[in-house]
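So the structure is just underneath, and the comments pick up after that.
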Amino acid sequence: MKKTKLQILTNGIIRENPVLVLVLGTCPTLAISTQAINGLGMGVSVLVVLTCSNIMISALKRIIPDTVRIPCYIVVIASFVTMVQLALKAYLPSLDKALGVYIPLIVVNCIILGRAEAFAGKNSVIDSALDGIGMGIGYTLTATVMACIRELLGSGTIFGHAVTAGTITPFTIMVMAPGGFFIFGCLIALVNKLTKGKVKEKQQNKCLGCPGAALCSHVQEGGAEE
Amino acid sequence: MAERHTDLIVASAPHVCAPANTASIMRDVLIALVPALAVSVYVFGIRSLVMAVCCIVFCVFFEWLVRKIMKRDNTIGDLSAAVTGLILAFNIPVRLPIWMAAVGCFIAIVVVKQLFGGLGQNFANPAIVGRIALFIGFAGPMASWTINSRMSQAILDVAEIDATTGATPLGMLAAGQTLPSNLEMFLGLISGSMGEISAAALLLGGIYLIVRKVISPAIPVSFLATVAVLSLVFGLDPIFQLCAGGVMLGAIFMATDYVTSPITTSGRIIFGIGCGLFTMLIRVYASYPEGVSFAILLMNILTPHIDRLTRHKAFKPAPEGGAAK
């Protein structure tokens, strides 16, 4: 089934959200989503790199030999990341400082390499651009929403503006790692609820992947019958 | 799922029938906690009782609410939420704002217990995780210790000028101050979390639980013995280390949680030794003065592995390639 241009664009926002449904690029998302401005900055950086690299890789897909495609993709992605990083350093030094190592790490971000491999290497330039924009928007929204929730609960501010700060003691664990995982889990649950029935059943062998399977009396092969 | 009759168990005679059920066990735990609550009310005042009631109400309410939202049958009658609430209340300072206690109850019941499937499915003790989340999230209020004239003179001596906040014995030990006497420590005339102060009252509850066969002595005894032995190894006073902080509360009431502790006796001993070891390592080497809750959480997480290692021979899978004929 051929997807329409609009479907390609909107695919990444909820239905195949790179972070919450494909569960790619989790590490930088959890690490930087402590302040809304960082989430937005990281999101836009990924959006730009993803769109540019998708376009470039799609355009070069007939030239790149199949056996060395991954190194080629990395070189393309790294070039765009360097541009974004230099631009941030020049115009938004404070954001660059806050995001730190996570900007150069976009080079090895699974979302970008994943879309290059799964989409841009097989589709036309325009489709790849739309896919990059859609996935980038999905990533930006996720990182920003997650960061807003964590900043509000953990520091009492949103985008640095005091909301509850000063009146309510902030629950600082929310801006630490455990809070990040907790909000991440809540958002995945929300997206699963929103896309109920539309996302393919991902786990075929429900019990076998569980670390407690050896101890569990209900374990059965091929997943639980419903 | 409906076709599988998991409740139909075929076994050879004799069949032992015991009247115990979850509610009766939990009722015994609540009774065992009463002496410690009484000491807490005596030392900290009526606010202690208010806090305990609030925590129980919040926990039972969250349990009821979550089960209702998730459309599962209601389980507040088994009293496990009430036990979690009371133990969580025992783990927090008496002056903690009530809404912060409610956050702790939410984490304990909703996040740790019900999201993982309710009683029997939680990977860690709900009250422990509730306490740790509060401890890390509200670091200031969770370390503001009330003092009053009922407490040991040594505690009053180190109190700040406004004479409303003091230090716990473990904090005083870390700061090198004069400590309360061991008798005061044992009776609980000290500052600390609401229910952890009186070793005597907690031991009384523990003996009740062991006599009623609600808990086996394996975990508390191995936990406390490890703490005592390691105190001697580190050159510390074992009586002080046993009575200070949450060791008694943790060893008797939190480490013995059925769901999150091993099922075999040898597994329980390993579990208790592990708890004692990590408690003392954190007390001696880490930046926090107290480590009981972290130690128990860590051993909770290791429990499935301990269970697998200590499984009875009859239940172990046949060795590879050598199945008996």
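With a ≥ b ≥ c taken as the square roots of the eigenvalues of the C-alpha gyration tensor of the stretch A:42-94, please select rounded if a/c is under 1.5 and otherwise prolate if a/b is larger than b/c or oblate if it is not? Please report the intermediate quantities before stating the final value.
On the way: a/c = 3.36, a/b = 2.49, b/c = 1.35.
Taking the square roots of the gyration eigenvalues as a ≥ b ≥ c, the stretch A:42-94 is prolate.
Enter the Cα centre distance for the pair the stretch B:74-98 and the stretch B:184-237, rounded to the nearest angstrom.
That distance is 20 Å.
Determine the gain in length on full extension of the stretch A:THR195-A:ARG15; use 0.36 nm per residue of separation and subtract their C-alpha separation, reporting nm with one decimal.
64.2 nm
Over the Cα atoms of the stretch B:22-309, compute the convex hull volume and normalise it per residue, giving Å³. Provide the component values of the computation, followed by the final result.
Details: hull volume 33.1 nm³, N = 288.
Considering the Cα atoms of the stretch B:22-309, their hull volume per residue is 115 Å³.
What ranking of B:TYR258, A:TYR73 emerges when the number of other C-beta atoms within 10 Å of each C-beta is taken as an exposure proxy, fewest first?
Details: B:TYR258 12, A:TYR73 22.
In increasing order of surrounding Cβ atoms, one gets B:TYR258, A:TYR73.
Divide the volume of the convex hull of the Cα atoms of the stretch B:171-317 by its number of residues and quote the answer in cubic angstrom per residue. All intermediate terms of the calculation are to be shown ahead of the outcome.
Working: hull volume 16.1 nm³, N = 147.
Dividing the Cα hull volume of the stretch B:171-317 by its residues yields 110 Å³.
Between B:HIS15 and A:VAL163, with labels modelled 7 Å along Cα→Cβ, what's the label distance in nm to one decimal, could you check?
5.7 nm
Given N residues in the stretch B:1-138, what is Rg(Cα) / (2.2 N^0.38 Å)? Display every interim value, and only then the final one.
Numbers: Rg = 17.2 Å, N = 138, 2.2 N^0.38 = 14.3 Å.
Ratio of Rg to 2.2 N^0.38 Å for the stretch B:1-138: 1.20.
Rounded if a/c is under 1.5, else prolate if a/b is larger than b/c, else oblate: which is the stretch B:18-71, with a ≥ b ≥ c the root eigenvalues of its Cα gyration tensor? Provide the component values of the computation, followed by the final result.
Working: a/c = 6.26, a/b = 1.33, b/c = 4.70.
Verdict is oblate for the stretch B:18-71.
At 222 nm, what value in deg cm²/dmol follows for the protein assembly as shown if DSSP H runs of at least 4 each add -39500 (n - 2.57) and the sum is divided by all its residues, to the nearest 500? It would help to have the intermediate numbers written out before the result.
Details: 21 runs with 294 residues, N = 551.
For the protein assembly as shown, the value works out to -17000 deg cm²/dmol.
Neighbour counts of other C-beta atoms within 10 Å: give me B:PHE240, B:PHE253 arranged from fewest to most. Kindly include the intermediate steps, with their values, before the conclusion.
Details: B:PHE240 18, B:PHE253 29.
By the 10 Å Cβ count, ascending, the order reads B:PHE240, B:PHE253.
Could you please report the charge total around A:ASP66, scoring K, R as +1 and D, E as -1 over all other residues with beta-carbon less than 14 angstrom from its beta-carbon?
Working: positive: A:LYS61, A:ARG62, A:ARG69, A:LYS122; negative: A:GLU117.
Around A:ASP66, the surrounding residues sum to +3.
Rg/Rh for the stretch A:5-194 to two decimals, with Rh computed the Kirkwood way over all alpha-carbon pairs. Spell out each step's value before the answer.
Numbers: Rg = 17.1 Å, Rh = 16.9 Å.
Ratio of gyration radius to Kirkwood radius: 1.01.
Output the pairs from A:LYS5/A:LYS122; B:LYS113/B:LYS213; A:LYS196/B:LYS71 with a Cα-Cα distance over 21 Å in this structure; if there are none, say none.
Numbers: A:LYS5/A:LYS122 15 Å; B:LYS113/B:LYS213 25 Å; A:LYS196/B:LYS71 17 Å.
From A:LYS5/A:LYS122; B:LYS113/B:LYS213; A:LYS196/B:LYS71, over 21 Å: B:LYS113/B:LYS213.
When the Karplus curve 6.51 cos²θ - 1.76 cosθ + 1.60 is applied with θ = phi - 60°, which whole-Hz ³J(HN,Hα) does each residue of the stretch B:134-144 get, with x for Gly and Pro?
Karplus-based 3J(HN,Hα) across the stretch B:134-144 equals 5, 4, 7, x, 10, 4, x, x, 6, 10, 9 Hz.
Which residues in the stretch B:195-231 place their backbone N less than 18 Å from a point set 7 Å from the Cα of B:ARG27 along the Cα-to-Cβ direction?
B:208-215
Treating only the Cα positions of the protein assembly as shown as identical point scatterers, give the base-10 log of I(q)/I(0) from the Debye formula at each q in 0.07, 0.10, 0.11 Å⁻¹.
For the protein assembly as shown at q = 0.07, 0.10, 0.11 Å⁻¹, log10 I(q)/I(0) is -0.53, -0.97, -1.09.
Got a sec? Charge dipole of the stretch A:13-109, +1 on Cβ for Lys and Arg, -1 for Asp and Glu; which of A:CYS27, A:ALA98, A:PRO71 is way out at the positive end?
A:PRO71
Decide, for the stretch A:1-115, between rounded, prolate and oblate: order the square roots of the alpha carbon gyration tensor eigenvalues as a ≥ b ≥ c, take rounded if a/c falls under 1.5, and otherwise choose prolate if a/b is larger than b/c, else oblate. Let's see the in-between values first.
Working: a/c = 1.95, a/b = 1.28, b/c = 1.53.
Because a/c hits 1.5 or more and a/b fails to exceed b/c, the stretch A:1-115 counts as oblate.
Give me the log10 of I(q) over I(0) for the stretch A:63-154 at q = 0.22 Å⁻¹, as the Debye formula computes it from C-alpha points; what are the numbers?
Log10 of I(q)/I(0), two decimals: -1.23.
From Cα pairs below 8 angstrom and at least 6 apart in sequence, can you work out the relative contact order of the stretch B:22-309, rounded to a whole percent? Numbers along the way, then the final one.
Numbers: 508 pairs, mean separation 53.3, N = 288.
For the stretch B:22-309, the relative contact order is 18 percent.
For each of B:ASP237, B:ASP78, count neighbouring Cβ atoms within 10 Å of the residue's Cβ, then give the residues from fewest to most. Don't jump to the answer; show the numbers that get you there.
On the way: B:ASP237 15, B:ASP78 19.
Fewest-to-most ranking of B:ASP237, B:ASP78: B:ASP237, B:ASP78.
Each reported figure results from applying straightforward, stated rules to the coordinates on display, with no laboratory input. Because the structure is predicted, anything quoted here is derived from the model rather than measured. For neighbour counting, all protein chains shown are included, and Cβ atoms are generated from backbone atoms with ideal geometry for every residue, glycine included.
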